[in-house]
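A short write-up of the structure that comes next.
Every number here is computed from the coordinates shown, using simple stated rules; none is lab data. Values in this document were obtained by computation on a predicted structure and should not be read as measured data. No Cβ is skipped: glycine too gets one built from the backbone with ideal geometry, and neighbour counts run over all protein chains shown.
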Amino acid sequence: MTQSENKISVAVCTYNGERYLEKQLNSILNQTLSVNEIVVCDDCSSDKTIAILNLFKEKFPAIFKIYSNSENLRSNKNFEKAISLCTGDFIFLSDQDDLWKPEKVATIIDVFKSNPSAEGVFSDANFIDENDIEIHQEMSLWQSVCFFDRQNDIPINLYESLLYLGNFLTGATLCIRKEVLPFCIPFETIDSFIHDEWLAYVLSKRNTLFLTKEKLISYRLHSNQQLGVGKIKDARKKIIKNENHNKLILNIIPAIKFNDFKAKSRAYFYQYEKYFYLNEKYENDNYYEISETLKQKHLDAEIEMKKSNLILYLIRKYKDRRKKRRQIHK
């Protein structure tokens, strides 16, 4: 293993992770560019997780720092704690049940070196099952969360994509510089806006979020995940059905039919509501401005939807009012 001139930390959050934890930690240790510090925050596990962690600490006392929470913090706050306890120049986020490719750390650090302004770098991933066997080879993690790499010459605007389409970043693929900690912690989150989307928001807004198309982790799909990508069959159907959805929402292709304007209206409203509630909680002027922009985009799409087919529009509005959905907040 090659040693980096910069200190490399890994923030790991665990909770009842005995089944896959040992494999994951070994994959982190067996990097072509070695890590210097692994900070683990355990969230009140009741299985053998702590025992496994203690064995690694006994074997690698200079690398492992183990913290046991006195109360269950859940994912957002536990990652916030783990990241804040890291002392490295670069901080990798890690789940307890994936597998890292041996070249993950080296590849990410190379992206930082090639892009001096980068404060965060994330990657794609492939899928594995409970037995470490690769599954769904036809689809990557990015595709499963509807993050599509453009097949044209228009560069990806990550901030715009985040605001209009929603989160594309899986925290388990992310590495950040230590310099971002003062303005990333504490995390600002709500139920529909968790820690990885918060980090994507902060970094993409600063135009310092970079990516590599390499699949640098094997993302495990199993029955006990706290967070994940959802049902893979549903994701595949969504990809097939909405292959042009992103370009439509981002105005790369024009909206023509009623269903085009309906899709735009729905997408903008979901994002509007998210930032509306963020502003309610944190009273942040930027959240307010974003929510107002998204509200106007939603209303503009509604006007075009009405023009395209008045009867279908009225039926939709009636159903929305009856079910109290997609209602603009006063």
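Listing for the model above:
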item	result
Gained length - R266 relative to K281, 0.36 nm times residue gap less alpha-carbon distance	3.1 nm
Chain lengthening between K205 and N6 when straightened (0.36 nm per residue, less Cα-Cα)	69.1 nm
Anchor K178: lysines whose Cα lies under 17 Å away (excluding residues fewer than 8 positions away in-chain)	K7, K81, K113
Paramagnetic reach from N26 (point 7 Å along Cα→Cβ, amide N under 18 Å) across the stretch 38-57	48-57
Sites R19 and L181, calculated FRET efficiency, Cβ-Cβ separation with R0 30 Å, nearest 0.05	0.45
Scattering curve values for the stretch 254-323, log₁₀ I(q)/I(0), Debye with Cα scatterers, q = 0.16, 0.21, 0.26 Å⁻¹	-0.58, -0.84, -1.04
Relative contact order of the chain, defined on C-alpha pairs under 8 angstrom at six or more residues apart (%)	17 percent
Nearby lysines by direct alpha-carbon distance to K274 (threshold 16 angstrom, same-chain neighbours under 8 apart not counted)	K264, K295, K297, K330
Angle in degrees between helix 232-241 and the longest Cα principal axis of the chain, rounded to the nearest 10	40 degrees
Per-residue Cβ neighbour rank within 10 angstrom, fewest leading, S75, S265	S75, S265
Helix 49-59 vs. the chain, principal-axis angle (Cα, 0 to 90°, nearest 10)	50 degrees
